[in-house]
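**Student:** Structure incoming, see below.
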Amino acid sequence: MKACSKPSIPHHWSNFYTVDAFRKSGRQMVDQLADYLLDSQGRKGDRVLPYSSPKERLNHWQSKLEKKGSGAEDALWKPGFVEEVVAQSNRLHDPRYAGHQVAVPLPQLAWLQAATALLNNGMAIDEMGPASSPMEEAVMRELANFMGLGADSGGILCHGGTLANLTALLAARQRKATGNAWRDGSDRKCAVLVSEQAHYCVDRAVRVMGWGAAGTVKVGTLDNHQIDPHALQKAYEQSIDAGMEVIAVVGNACTTSTGTFDDLEVLAAFAAEKGLWFHVDGAHGAAQIFSERNRAPLKGMKRADSVAMDFHKMLGVPALCTGLFYRNGTDAYAAFSQEAAYLYENEQEEWWNLSKRTFECTKRMLSVSVFGIWEAHGHKLWESLVDRLVDRAQTAARVVEQRPGWEVFARPESNILCFRLKGSDNAALRHAMLQHGPHYIVKTVLDGETWLRCTFQNPLTEDSDIEALIDRLEELNATLA
């Protein structure tokens, strides 16, 4: 006997839980996203970034809300909405994209992201993530061991490098600072030694912990922006003389601005000598550990107490997905210790209750993408991706150096290249590219001067795209002159 269909109720939640509606919208989405990929990879369109002012963009989306509530009964969003979002977004999958440090996602991961969004297992405690929690524990143990951190190593996944760095420094405080600040609070002046070129999130973490601006002791760097060992020793001595309790040193792997790696062996030895926690902010560059050809700058990282590494930068995983690794896996429990009887039966070190080791209670099923890639390919897929991206930056450096009037800041060790046209207004040049396209690049300020900056995130970027980028910059500079 054929079941009677349920009558449609206008704008009612029951319209959007039907399997038929799900299938219909899914088929439409596949076609829309496939068209986006085809157009982007084919370099269609006159600009990677659809340029307009923030105010213009806000006015555009506010105007869309003037006709709110007029959607179809069986569609969760209006016709054309997805196309509009795509049209107004930065097209990372276009090979002419060389902007910020965000992965160009491996397209098939969109389906895993869709699956985990639908399952929506929160992962705070064991029964909230019966698949993804043990997957996370297993893959993080393997990855930490692969990175050389040792048989007792492990880690957790979290949403972003900022959160990972803060969590690592909280663990450092519990392991190295006098007393128990998590339980009792602290008015003791503690400090962290960090390069003056470090990402601002390290300073934010220190301030969140209540140590103020003085708690971040910025260490001078060499001409290539690598931390100066002599300046490090001096900064340590001055901090001690000022009555500070120095608990940690942070190494860059690599700097956001130029892609420079600190000498991690030097920092590891210094930390061991002084009894400090050694943390590596490898949000961007730690991924190079998967590459035989490009892992040399990470020598010494295996001696770190903790390492942050973003899977959403060089490894093709959608944001946000960051690994925080510990050489001693039990250090993960040091960052947090609080009573939550309605969640935990006891306060033992239970890996299956992940909220004991992260700020987040509910978090997405981050391990599924990481585990899926690692199980299927080991390090080889990531190695090929890292090698390609670093090669793009090194190729771009050679192209720039061969052009009259151009210079590079330093030979790239990662996929970041800083360069400029000598005698030109490079800030204006970048803005002209932003307005007129087709390429997308950014800029940075080094020692008070503006440099153009490319982060080569798209493995489909060809030599011809790099040549065309410099050609276009020269064309735009001529118009500025």
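Read the figures in this text as sums done on the coordinates, not as results from a lab. What you are looking at is a predicted structure, and each value in this text was computed from that prediction instead of being measured. Please note: Cβ atoms are built from the backbone with ideal geometry, for glycine as well, and neighbour counts cover all protein chains shown.
**Student:** Among the listed pairs K55/K218; K176/K380; K176/K218; K78/K313; K218/K380; K299/K380, give every one whose C-alpha distance is greater than 27 Å.
**Tutor:** Working: K55/K218 37 Å; K176/K380 37 Å; K176/K218 20 Å; K78/K313 32 Å; K218/K380 37 Å; K299/K380 20 Å.
Those over the limit are K55/K218; K176/K380; K78/K313; K218/K380.
**Student:** Search the structure for amide H atoms under 5 Å from the amide H of K443, placed 1.01 Å from N in the peptide plane, and list their residues when 5 or more places away or on another chain.
**Tutor:** Long-range HN contacts for K443: R453.
**Student:** Right, here's the next one. Over the chain, what is the mean sequence separation of C-alpha contacts under 8 Å (at least six apart), divided by residue count, expressed as relative contact order in percent? Please list the in-between numbers first.
**Tutor:** Working: 862 pairs, mean separation 98.4, N = 481.
About 20 percent, as a whole number.
**Student:** Mind checking which of F336, A131, A253 is farthest towards the positive end of the range 121-378's charge dipole, using Cβ charges of +1 (Lys, Arg) and -1 (Asp, Glu) about the Cα centre?
**Tutor:** A253
**Student:** Do the sum for the chain: with -39,500 (n - 2.57) for every DSSP H run of n ≥ 4, divided by all residues, what is the mean residue ellipticity at 222 nm, to the nearest 500 deg cm²/dmol?
**Tutor:** After summing the helix terms and dividing by the residues of the chain, the value is -12000 deg cm²/dmol.
**Student:** Looking at the chain, identify the longest residue range that excludes and avoids all chymotrypsin sites (Phe, Trp or Tyr not before Pro) in DSSP loops having at most 13 other Cβ atoms within 10 Å. Please report the intermediate quantities before stating the final value.
**Tutor:** Values: sites that count: Y17, W77, Y342.
Segment 78-341 is the longest.
**Student:** Just for the Cα atoms in the range 386-480, what are the lengths along the principal axes, largest first, rounded to whole Å?
**Tutor:** Largest first, the range 386-480 extends 36, 29, 22 Å along its Cα principal axes.
**Student:** Here's a follow-up. If I model the range 172-244 as equal point scatterers sitting on the Cα atoms and use the Debye formula, what is log10 I(q)/I(0) at q = 0.12, 0.21 Å⁻¹?
**Tutor:** Those come out to -0.34, -0.94, one per q.
**Student:** Taking every pair of alpha-carbon atoms in the range 97-202, give the share separated by more than 15 Å as a whole percent. Could you put the intermediate results ahead of the total?
**Tutor:** On the way: 4374 of 5565 pairs.
Percent of Cα pairs beyond 15 Å in the range 97-202: 79.
**Student:** Of all DSSP beta bridges located in the chain, what percent are antiparallel, nearest 5? Mind dumping the intermediate values first?
**Tutor:** Values: 24 of 42 bridges.
Here the antiparallel bridges make up roughly 55 percent for the chain.
**Student:** Cα centroids of the range 70-93 and the range 354-392: how far apart, whole angstrom?
**Tutor:** About 29 Å separates the Cα centre of the range 70-93 from the one of the range 354-392.
**Student:** Using a ≥ b ≥ c from the Cα gyration tensor of the range 121-378 (square roots of the eigenvalues), is it rounded, prolate or oblate, where a/c under 1.5 gives rounded and otherwise the larger of a/b and b/c decides, a/b for prolate? It would help to have the intermediate numbers written out before the result.
**Tutor:** Details: a/c = 2.03, a/b = 1.23, b/c = 1.64.
Oblate, because a/c is 1.5 or more while a/b does not exceed b/c.
**Student:** Rounded, prolate or oblate: which one fits the range 15-83, using the alpha carbon gyration tensor with axes a ≥ b ≥ c (rounded when a/c is under 1.5, else prolate when a/b beats b/c, else oblate)? Don't jump to the answer; show the numbers that get you there.
**Tutor:** Numbers: a/c = 4.15, a/b = 1.22, b/c = 3.40.
Oblate.
**Student:** What would the Debye formula give as log10 I(q)/I(0) at q = 0.26, 0.27, 0.28, 0.35 Å⁻¹ for the alpha-carbon point model of the range 199-241, no solvent?
**Tutor:** The Cα Debye sum returns log10 ratios of -0.94, -0.96, -0.97, -1.05.
**Student:** Sort out the exposed loop GluC sites (Glu not before Pro) in the chain (DSSP loop, at most 16 other Cβ within 10 Å) and tell me the longest stretch that has none.
**Tutor:** On the way: sites that count: E73, E196, E292, E339, E345, E347, E349, E350, E462.
Longest run free of exposed loop sites: 74-195.
**Student:** When the Kirkwood hydrodynamic radius is evaluated over all pairs of different C-alpha atoms of the range 1-149, what value in angstrom, to one decimal, is obtained?
**Tutor:** Details: mean 1/r = 0.0511 Å⁻¹.
For the range 1-149, inverting the mean 1/r across all distinct Cα pairs yields 19.6 Å.
**Student:** If you don't mind, another one. From the C-alpha coordinates alone, can you work out the Kirkwood hydrodynamic radius of the chain, in Å?
**Tutor:** Numbers: mean 1/r = 0.0407 Å⁻¹.
One over the average 1/r among Cα pairs gives 24.5 Å for the chain.
**Student:** Would you please classify the overall shape of the range 266-314 from the alpha carbon gyration tensor, given that a ≥ b ≥ c denote the square roots of the eigenvalues, rounded means a/c under 1.5, and beyond that prolate means a/b larger than b/c while oblate covers the rest?
**Tutor:** oblate
**Student:** While we're looking at this one, here's another question. For the range 85-147, state the semi-axes of the equivalent ellipsoid (square roots of 5 times the eigenvalues of the alpha-carbon gyration tensor), sorted largest first and rounded to whole angstrom. Each step should come with its number before you reach the end.
**Tutor:** Numbers: eigenvalues 180, 67, 17 Å².
Semi-axes from the Cα gyration tensor: 30, 18, 9 Å.
**Student:** Tabulate in residue order the Karplus-calculated ³J(HN,Hα) for the range 67-80, using 6.51 cos²θ - 1.76 cosθ + 1.60 with θ = phi - 60°, rounded to whole Hz; enter x for Gly and Pro.
**Tutor:** Karplus values, whole Hz, x for Gly and Pro: 10, 5, x, 10, x, 5, 5, 10, 10, 6, 9, 6, x, x.
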